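The values are calculated or read from the model by the stated rules, or taken from the named source; none is laboratory data. Remember, predicted model here, so these are calculated numbers, not experimental data. Positions of Cβ are backbone-derived with ideal geometry, glycine not excepted, and every protein chain shown enters the neighbour counts.
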Amino acid sequence: MPDVVETTAYGMPAFTAGKTRFAGRPIERSDVAPNSLGIHMSFEERDRRIAARPEIYYLTEHFAKYPAVLVRLAAIGRDELREVLSLAWHHAMDRLPAAQTTRRKKR
C-alpha cells in the first residue's frame, strides 16, 4: 500500500496513510481482547462486519464512538485481514485533502 508509514499512536504501534491513521494496536484495557488490532472504517462497514462475524470483529464502549472496529487477530485469516487492512487504507486515503490525492494519482 503506497504512502504507509509505521508510527505510534498513544504510545502503541500504528500505521498511517498520508498522515491519517488507519490501523493500530489499542491500548490495553480490561475490555479489549488480547492480541487485537484497531482498524478504521465507516460506521456502516463496521456494523456489517460485527453482525456477520462477531467472533472476529467487536467493539468496546470506548471504541463505539469512533469509525473503527477491533479485530481479534487470532480469529481472522490472512486473506480477510489483508482485505480489511486494504479497506482501512482506502478509507484513510479517501479522507485526504483533494490536493494530496491528486498528487498521488500523478505518480
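Has the stretch 47-57 got any residue that is among the hydroxyl-bearing types (Ser, Thr, Tyr) and either in contact with a His (Cβ under 9 Å, 6 or more places away or on another chain) or more than 17 Å from Ser86 (Cβ to Cβ) (or both)?
The answer is no, given that none of the residues of the stretch 47-57 is among the hydroxyl-bearing types (Ser, Thr, Tyr) and either in contact with a His (Cβ under 9 Å, 6 or more places away or on another chain) or more than 17 Å from Ser86 (Cβ to Cβ) (or both).
Can you tell me how many residues in the stretch 1-21 are among the charged types (D, E, K, R) and surrounded by 16 or more Cβ atoms within 10 Å (Cβ to Cβ)?
So the count comes out to 2.
Considering only the stretch 50-107, state which residues are of a type in the set (Lys, Arg), over 25 Å from Ser30 (Cβ atoms) and either surrounded by 13 or more Cβ atoms within 10 Å (Cβ to Cβ) or at pLDDT 95 or above (or both).
Across the stretch 50-107, the qualifying residues are Arg78, Arg82, Arg95, Arg104.
Out of the residues in the stretch 6-31 meeting the condition of being hydrophobic (A, V, I, L, M, F, W, C) and in contact with a Gly (Cβ under 9 Å, 6 or more places away or on another chain), tell me which one is modelled with the highest pLDDT.
Selected residue: Ala23.
Which residue out of Leu59, Leu37 is closer than 18 Å to Thr8 by Cα and out of contact with any Phe, Trp or Tyr (no Cβ under 8 Å at 6 or more places or on another chain)?
After applying the criteria, what remains is Leu37.
Can you tell me which residue within the stretch 22-49, out of those that are basic (Lys, Arg) and surrounded by fewer than 18 Cβ atoms within 10 Å (Cβ to Cβ), is nearest to Pro2 (Cα to Cα)?
Out of the qualifying residues, it is Arg48.
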